[in-house]
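The values are calculated or read from the model by the stated rules, or taken from the named source; none is laboratory data. These numbers were taken from a predicted model, which means no experiment stands behind them. Here the Cβ positions follow ideal geometry from the backbone for every residue, glycine too, while neighbour counts run over all protein chains shown. The accessibility values were calculated without ligands, DNA or RNA, using every heavy atom of the protein model including side chains. Shrake-Rupley method; radii C 1.70, N 1.55, O 1.52, S 1.80 Å.
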Amino acid sequence: MNTANALDLREKATAILRENDRGHYTVPTKGLYPFQWNWDSCLTALGLAQIDEARGWLEVETLFAHQWPDGMVPHIVFHVDDDGYFPGPDIWQTNRPTPTSGITQPAVAGFAVRRLYERAQDKSLAEQKAKALLPLIDRWHRWFFTNRDPHNEGLVAILHPWESGRDNAIDWDDALERVPTEGIQPYSRRDLLHADATHRPTQAQYDRYLWLLEHFRRLSWDNSKLHEASPFKVVDPGFNAVLLRSCQDLAVLAEALDEKEIARRNRDFAKRGLLAMEGLWSDEYGQYLCRDRVTGDLVESLSVAGILAAFASIPPSRAEELVHRIEQLSTRSHFLVASHDPADPRFDGKRYWRGPAWLIINYLIADGLTHANQIDMAARLQKTSLDLIEKSGFAEYYDPLSGEPLGGGSFTWTAAMVLQFLREEHPA
Ligand code: DGY
């Protein structure tokens, strides 16, 4: 990309971050998502820090100020009242000083905080902030392995599709069949006021999302009970790769800050988890798959979660095979990386996580591939991502066949990822 175009994109991305900035947290987009979301914020912090380092740190600090006493970091913090979103605090009923949801989201904070620290210009601010965040992120990681891996398998389960961040992925279809819908309170969705219904999850899926929420609420959000009690328990390779990479990054950061115990613990989590990831590998499909922890079976669903696994330190031969998978996908869709393989009849290029491409996923995969020395594919992902933005603007997600922008507009983490990609391409 030439310098003038890069400058133009950088200005537009910066304007979106400013527009969605609420002072101490950032909304993902106006209307559709009017609060603070967990992994959105951690990735957004990277973009914010390119504009103002202190503001980048504050984004993560605000999120962790709402960590639960048991160590969980919730997926939404409801800083304000807003009827434009459902389900709000009155439905979650988590009884927190500032209302939050009762489930979590991909644990990208360890990665984000190491990156903020290492790229900081203001080293003394970075040291002070990282030192304070380190034990909080470590507690969250311990929470995961205690509550979501109670049988010490080395990998954690998600108990709700919203936890994965990939709400309506095809990966969950079979497991959601086991979730009943009887008895849920009548409700009215608000997402459809802001986004096209054909780009969003279906009503049948929402009913199941709500059933799970009400089920966990009846158990008073007691995390020591939820894993056992949930009919939906899936081990997602992408979710686990994010957590394991964060454990590794936290260990490196802890070492640098002389926190030996945190470093040792997180290195162990990562080591055990990476060994267990091999159990999710499919020779037949050349990528990782989800495992349904209720049935014990691998889920035959070729989603991008099995490629996002490249974000963790998987064996080099696996990274190479994932590059082949991405090459295969590139013969089926013009824009990388489709969130589901277009060769699958269940693929839907416009519906949220059942096909569309997402910039954050491209960024995380590209980063993992860079570490695995798969430089050409990492550069290709960077280029296709910036091409997509030039063509279609800063959307929530994109049809990987046509590049059509979908979901919410002026999207915060898309803008943050553009700033990050431009940083690699045109270091300031
Ligand atoms: C939503 O409301 O669509 C979110 O993805 C849930 O976190």
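Using a 1.4 Å probe and counting only protein heavy atoms, arrange Leu9, Leu125 so the residue with the most accessible area comes first. Before the final figure, lay out each step's value.
Details: Leu9 5, Leu125 35 Å².
Ranked list, largest accessible area first: Leu125, Leu9.
Suppose all protein chains stay in the model; what accessible area per residue would a 1.4 Å probe give for the stretch 111-425, in Å²?
On the way: 11530 Å² over 315 residues.
With the other protein chains kept in place, the stretch 111-425 gives 37 Å² per residue.
May I ask you to order 131-139, 408-416 by the average number of other C-beta atoms within 10 Å around their residues, highest value first?
Numbers: 131-139: 19.8, 408-416: 26.3.
For the peptides 131-139, 408-416, the packing ranking is 408-416, 131-139.
Around Thr94, which amide H atoms from residues at least 5 apart in sequence, or from another chain, sit under 5 Å from its own amide H, with H modelled in the peptide plane?
The answer is Thr100.
Summing Lys, Arg as +1 and Asp, Glu as -1, what charge do residues with Cβ under 12 Å from the Cβ of Pro106 carry, Pro106 excluded?
On the way: positive: Arg166, Arg245; negative: Asp40, Glu163, Asp236.
Within the 12 Å Cβ shell, the charges total -1.
Hey, in the GNM for the chain with a 10 angstrom Cα cutoff, which one of Gly403, Gly102, Gly88 fluctuates hardest?
Judging by the Gaussian network model, the answer is Gly88.
If the chain between Asp196 and Val294 were fully stretched, how many nm would it gain, using 0.36 nm times the residue separation less the Cα-Cα distance? Walk me through the intermediate numbers first.
Numbers: separation 98, 0.36 × 98 = 35.28 nm, distance 3.36 nm.
Extra length available between Asp196 and Val294 comes to 31.9 nm.
Relative contact order for the stretch 276-408: what percent, with Cα pairs under 8 Å and sequence separation of 6 or more?
Normalised by residue count, the contact order of the stretch 276-408 is 21 percent.
Roll a 1.4 Å probe over the protein heavy atoms and report the accessible area of Arg380 in Å², nearest 10.
100
Given an 8 Å cut-off on Cα distances and at least 6 residues of separation, report the relative contact order of the stretch 111-425 as a percent. Could the numbers behind the result be given before it?
On the way: 480 pairs, mean separation 50.3, N = 315.
Once normalised by length, the contact order is 16 percent.
Among residues other than Glu404 whose Cβ falls under 10 Å from its Cβ, what is the net charge (Lys/Arg +1, Asp/Glu -1)? If you can, show how the numbers build up before the last one.
Values: positive: Lys350, Lys391; negative: Asp399.
For residues surrounding Glu404, the net value is +1.
Report, in debye and to the nearest 20, how large the dipole of the stretch 1-158 comes out about its Cα centre when Lys and Arg carry +1 and Asp and Glu carry -1 on their Cβ.
Its charge dipole is roughly 360 debye.
Along the charge dipole of the stretch 166-281, which of Ala169, His194, Ser230 sits closest to the positive end, that is, farthest toward it, with unit charges on the beta carbon of Lys, Arg, Asp and Glu (+1, +1, -1, -1)?
After comparing all options, I get Ser230.
Compute the distribution of all C-alpha to C-alpha distances in the stretch 111-425, in bins of 10 Å from 0, and list the percent of pairs in each, rounded to whole numbers.
Reading upward from the zero bin: 6, 25, 34, 27, 8, 0.
Take Ser333, Ser402 and sort them by solvent-accessible surface of the protein heavy atoms, 1.4 Å probe, largest at the top. Don't skip to the end; give the middle numbers.
Working: Ser333 5, Ser402 55 Å².
The ranking, largest first, comes out as Ser402, Ser333.
Please compute the length gained on full extension between Asp81 and Ser124, using 0.36 nm multiplied by the number of residues separating them and subtracting their Cα-Cα distance.
Numbers: separation 43, 0.36 × 43 = 15.48 nm, distance 3.64 nm.
Here the answer is 11.8 nm.
Per-residue ellipticity at 222 nm for the chain, helices alone: DSSP H runs ≥ 4 residues times -39500 (n - 2.57), over residue total, nearest 500 deg cm²/dmol?
Values: 18 runs with 221 residues, N = 428.
Dividing the helical sum by the residues of the chain leaves -16000 deg cm²/dmol.
To the nearest 10 square angstrom, what accessible area does Asp367 show with a 1.4 Å probe?
20
Hey, which of these cross-link pairs are over 22 Å Cα-Cα: Lys129/Lys260; Lys12/Lys383; Lys12/Lys129; Lys225/Lys260? Before the final figure, lay out each step's value.
Numbers: Lys129/Lys260 18 Å; Lys12/Lys383 18 Å; Lys12/Lys129 28 Å; Lys225/Lys260 32 Å.
Checking Cα-Cα distances, Lys12/Lys129; Lys225/Lys260 exceed 22 Å.
Need one value: the accessible area of His324 in square angstrom, 1.4 angstrom probe, rounded to the nearest 10.
For His324, solvent-accessible area is about 100 Å².
Out of residues 5 or more away from Asp341 or on other chains, whose amide H comes under 5 Å of its own, with H placed 1.01 Å from N in the peptide plane?
For Asp341, whose amide H was placed from the backbone, the distant partners under 5 Å are Leu302.
State to the nearest 20 debye the size of the charge dipole of the chain about its Cα centre, where the only charges are +1 on K and R beta carbons and -1 on D and E beta carbons. Before the final figure, lay out each step's value.
On the way: 46 positive and 61 negative charges, 125 e Å.
Dipole about the Cα centre, nearest 20: 600 debye.
Excluding the sites themselves, what is the longest stretch of the chain that contains no GluC sites (Glu not before Pro) in a DSSP loop with at most 13 other C-beta atoms within 10 Å? Walk me through the numbers on the way to the answer.
Values: sites that count: Glu182, Glu284.
Within the chain, the longest run free of exposed GluC sites (Glu not before Pro) spans 1-181.
Would you be so kind as to identify all helices of the chain, as entire DSSP H runs, whose Cα atoms reach 30 Å or more along the helix's own axis and whose mean Kyte-Doolittle hydropathy is at least -1.0?
Details: long enough: 123-147 (35 Å, -0.48).
TM-like helix candidates: 123-147.
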